[in-house]
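Okay, so here's the structure we're looking at.
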Amino acid sequence: MDRSPQDMPLRLAAFQWLEAQCRIHDDVLPRKLLELGFPFRGERITLIGQTGIWKPRQMQLPISITTTIHSPYSDTPGDQYIGYSYRGTDPGHRDNVGLRICMQKQIPLIYFYAVMPGKYLASWPTYIIEDDIRKLTFTAAVDEARVAFNQSVQEDEEAYIRRGYITSNVKVRIHQKTFRERVLYAYQTQCALCRLKHRELLDAAHIIADSQEKGDPLVSNGLSLCKIHHAAFDQNIIGITPDYTIKIRQDILEETDGPMLKYGIQSLENHRLILPQHKKDWPDRERLEQRFGEFLR
């Protein structure tokens, strides 16, 4: 596999740096961090820039492709693979040519997806696997990290199946992380029941499960809950009325146990839900009514 000998050490260093940053930032990376980049052999390598197809000045070919919130293009994590629009309408634009060479040589890239303005999920190694000049669109697929470090990996049927599976999982991850980030942001990164503000202890809970009708990944179908209140809500120990009143299941109210039960759950009875600042983000009353019916049953 004829890969660029000058670029590959830099790409592999970028992947290692991203892996460390994802651990620090719980997978969601701030744009400023990516614009600042990382040090490599006395220079600073930026991983994202003004254009969606990004090539740092130290490199011969692009290192990343980015889908932003307000992108003018129709980039989308599709059913299996990722559709990525050309830059402009000229197939011969240097950025499009750069991706085409990456496809021909199977040079790994980073795919950044904006879950919110200024916040990105990173997926790597990402490979361009198709080029449709008629539709002005590339198709990208994500592979296992080991592949980027193993230049002898073959592009065969096994690789095609593996990449389809991994890219589908990336799509699910994008869906989950986007929902979580938007819900936590709406609730100012605190539990809507107890005001706990430790981000690592917070979840985005669905009012109606995403597997059900009306289970859309909307902020109005979500609640920012700490992990114990999320579990209690999922198990219908805690219910929330359509007028945003917190209710505790009767047998739990009558139970005698330690301080966690008393102060963490029982004391919430008849308290009001802590609502987002913007009314458009408030929990949907119809969905709450449906879910509260399950709680009563």
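Things to note:
- Any chance Glu213 is more than 18 Å from the chain's Cα centre (by Cα) and farther than 29 Å from Pro117 by Cα: no
- Filter result (within 24 Å of Ala122 (Cβ to Cβ) and in contact with a His (Cβ under 8 Å, 6 or more places away or on another chain)) within segment 180-196: Ala186
- Set Ile65, Ile45: member being among the β-branched types (Val, Ile, Thr), under 24 Å from Arg146 (Cβ atoms), surrounded by 14 or more Cβ atoms within 10 Å (Cβ to Cβ) and free of Cβ contacts under 8 Å to residues at least 40 places away in the same chain: Ile45
- Subset of segment 268-284 [more than 27 Å from the chain's Cα centre (by Cα) and either under 18 Å from Asp216 (Cα atoms) or buried (at least 17 other Cβ atoms within 10 Å of the Cβ) (or both)]: Leu268
- Among the residues of segment 240-297, those identified as more than 18 Å from Ile228 (Cα to Cα), touching a helix residue (DSSP H, G or I) at 6+ places or on another chain (Cβ under 9 Å) and among the hydrophobic types (A, V, I, L, M, F, W, C) are Leu275, Trp282.
- Selection of segment 148-172 for residues being in contact with a Pro (Cβ under 6 Å, 6 or more places away or on another chain) and at pLDDT 80 or above yields only Lys171.
- Looking only at segment 113-146, and only at residues there that are touching a helix residue (DSSP H, G or I) at 6+ places or on another chain (Cβ under 8 Å) and among the β-branched types (Val, Ile, Thr), the one that is nearest to Glu181 (Cα to Cα): Val115
- Residue within segment 91-103 that is surrounded by fewer than 16 Cβ atoms within 10 Å (Cβ to Cβ) and within 24 Å of Arg162 (Cα to Cα) present: yes
- The residues of segment 251-263 that are among the aliphatic types (A, V, I, L, M) and either touching a strand residue (DSSP E or B) at 6+ places or on another chain (Cβ under 7 Å) or surrounded by fewer than 11 Cβ atoms within 10 Å (Cβ to Cβ) (or both) amount to a single one, Met260.
- Residue list for segment 23-38, filter: in contact with a strand residue (DSSP E or B) (Cβ under 9 Å, 6 or more places away or on another chain), over 19 Å from Thr51 (Cα atoms) and charged (D, E, K, R): Asp27
- Residue selection: Ile248 fails the criterion of being buried (at least 16 other Cβ atoms within 10 Å of the Cβ) and under 23 Å from Thr178 (Cβ atoms).
- Applying the condition of being small (Gly, Ala, Ser) and in a helix (DSSP H, G or I) to segment 118-172 and asking which residue is farthest from Thr68 (Cα to Cα) yields Ala159.
The values are calculated or read from the model by the stated rules, or taken from the named source; none is laboratory data. What you see is a predicted model; the values in this text were computed from it and never measured. Counting neighbours? That spans all protein chains shown, and the Cβs are built from the backbone with ideal geometry, glycine included.
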